[in-house]
1. Can you report the number of residues in the range 76-130 which are among the small types (Gly, Ala, Ser) and near ligand 1 (Cβ under 10 Å from one of its atoms)?
2. For the range 229-247, name all the residues that are surrounded by fewer than 19 Cβ atoms within 10 Å (Cβ to Cβ), in contact with a strand residue (DSSP E or B) (Cβ under 6 Å, 6 or more places away or on another chain) and polar (S, T, N, Q).
3. Please list, ordered by first then second residue, the pairs with beta carbon atoms under 6 Å, 6 or more apart or interchain, first in the range 184-207 and closer than 20 Å to Glu329 by Cα and outside the structural domain of Gly12 (by TED's automatic domain parsing), second within 7 Å of ligand 1 (Cβ to nearest atom) and among the small types (Gly, Ala, Ser).
4. Would you check if Thr202 is under 21 Å from the mean Cα position of the chain (by Cα), surrounded by fewer than 21 Cβ atoms within 10 Å (Cβ to Cβ) and among the hydroxyl-bearing types (Ser, Thr, Tyr)?
5. For the range 53-62, indicate whether the set of residues that are more than 13 Å from ligand 1 (Cβ to nearest atom) and among the aliphatic types (A, V, I, L, M) is non-empty.
6. Quick check on my filter: what residues within the range 222-235 are within 15 Å of ligand 2 (Cβ to nearest atom) and either under 18 Å from Gln259 (Cβ atoms) or without any contact (Cβ under 8 Å) to a residue 60 or more places away in the chain (or both)?
7. Among residues belonging to the range 43-78 that are surrounded by 16 or more Cβ atoms within 10 Å (Cβ to Cβ) and under 23 Å from the mean Cα position of the chain (by Cα), point out the one that is nearest to Ser92 (Cα to Cα).
8. Identify all residues within the range 316-347 that are of a type in the set (Gly, Ala, Ser) and either part of a helix (DSSP H, G or I) or at positive phi (or both); write none if there are none.
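The values are calculated or read from the model by the stated rules, or taken from the named source; none is laboratory data. Note that the coordinates shown come from a computational prediction; the quantities given were computed from them, not determined experimentally. Neighbour counts run over all protein chains shown; Cβ positions are idealised from the backbone, glycine included.
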Amino acid sequence: MKKRIAIYGSTGSIGTQALDVISQHPKLFQVEILSAHSNASLLIEQSLKFEPNMVIISDEKKYEEVNNALASKGIKVFAGEQSLIELAASDSYDVLLAAIVGYAGLSSTLAAAEQGKTIALANKETLVVAGDLVTETLKQKGARIIPVDSEHSAIFQCLVGEHHNPVSKVILTASGGPFLGKKPNFLINVKKDHALQHPNWTMGAKITIDSASLMNKGLEMIEAKWLFGLQNEQIEVIIHPQSIIHSMVEFADGSVKAQMGLPDMKLPIQYALAFPDRLSNNWKRLSMKNYPSLTFEPADIKTFRNLALASQAMFTGGNAPCVLNAANEIVVDAFLKNKIGFLEMSDIIEKTLEKITFIEKPSLHDYVQTNQVARDYAQSLIK
Ligand code: NAD
Ligand code: MG
């Protein structure tokens, strides 16, 4: 029996790499559902190649175009956010690869969790915004998340066979991004073209800016907290510019396990789709001879304030991480449109965190509200 895969966000960086992985294992995987926001032409191209049973285009204006191209092939075409939620809750697939970017991925991921599904999670924002609700739902409905984010895949891999053993801490590695070692007097003038040049990874625009500002590592601390049931104090970050060690786990006895590999997202994507199996492939392999020195240094949180703000939001808890995420989505978008400078991103996030009313135990409705008011407030600070 082939595993039936639904890929939400198939036209993005993770989505296209997932299709690469699947195309190398046609006997094991079958694409059942593909979704895209507005890139109709790529969605059509992917659908003609992988022949899913269903596709979803979120942008309803593109429905006609996609339907005209695919209906005669027997592919059912849906449009809009509601369709993402309904098909995520359907019986038609075995694993949902949640690879939509940002808050927009929350509703469909929650719908899959409600139905007890297996979710290969790339969309870290879902756990940042509503980690308590998502993990509670997983527990109640017998659903599970297999992480795709490389750091969390590394931790997950280190924990296989260790579930009865207490973890003393996890150490998330961060490349440091294109501005490692830079100070505020340099960062004040950087533009998006420079920020988009990540030294080790090729990714979507939003996560690439998050990596340059270290917000990505802050979001990943919160993601790790919920994925692995950790106390805030058990999560550490270390800069490791070579991106070879993808993260580490320290156990009660002081032993530290690390997972290593070349920086290539196809590996954690394949691991999540094939879990518990490891599949062979012909990708480039890590040779330690090419890395005579793996180096580590503390993160400069005075310069890269987003990491400190995210850590603070994690310790505050409640709806604070939701506020952080909402403000961050607004400022990243504004930075990409050249409306604000690199350092202004942290200023606006900080002001938004101070402004929005704290809720200690938010409901889903509270999260939806918090997301909206935080976005509106952050937007009002952008001229
Ligand atoms: P991307 O921008 O390349 O792709 C995003 C996908 O989401 C696209 O298919 C797009 O059509 C879809 N999308 C965007 N907005 C949407 C909306 N409002 N409604 C429905 N669909 C929408 O992003 P990416 O780099 O592939 O990242 C996807 C997720 O994976 C993010 O949460 C990111 O943090 C996470 N992630 C990415 C990488 C990576 O290497 N790219 C690594 C780790 C984690
Ligand atoms: Mg990561």
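1. Step one: of the range 76-130, the residues among the small types (Gly, Ala, Ser) are 79-80, 83, 88-90, 92, 98-99, 102, 104-105, 107-108, 111-113, 116, 120, 122, 130.
Checking the rest, the ones that are also near ligand 1 (Cβ under 10 Å from one of its atoms) come to 80, 98-99, 102, 104-105, 107-108, 122.
Summing the residues that are among the small types (Gly, Ala, Ser) and near ligand 1 (Cβ under 10 Å from one of its atoms) in the range 76-130 gives 9.
2. Within the range 229-247, just Gln234 meets the criteria.
3. Met203/Ser13; Gly204/Gly12; Gly204/Ser13
4. Details: under 21 Å from the mean Cα position of the chain (by Cα): yes; surrounded by fewer than 21 Cβ atoms within 10 Å (Cβ to Cβ): yes; among the hydroxyl-bearing types (Ser, Thr, Tyr): yes.
So Thr202 passes the test.
5. Looking only at the range 53-62, we keep the residues that are more than 13 Å from ligand 1 (Cβ to nearest atom), and these are 53-54, 61.
Next, only the ones that are among the aliphatic types (A, V, I, L, M) stay: 54.
Looking for residues that are more than 13 Å from ligand 1 (Cβ to nearest atom) and among the aliphatic types (A, V, I, L, M), one finds at least one in the range 53-62, hence yes.
6. Glu223, Ala224, Leu227, Phe228, Ile235
7. So the residue we want is Val55.
8. Gly317, Gly318, Ala320, Ala326, Ala327, Ala334, Ser346
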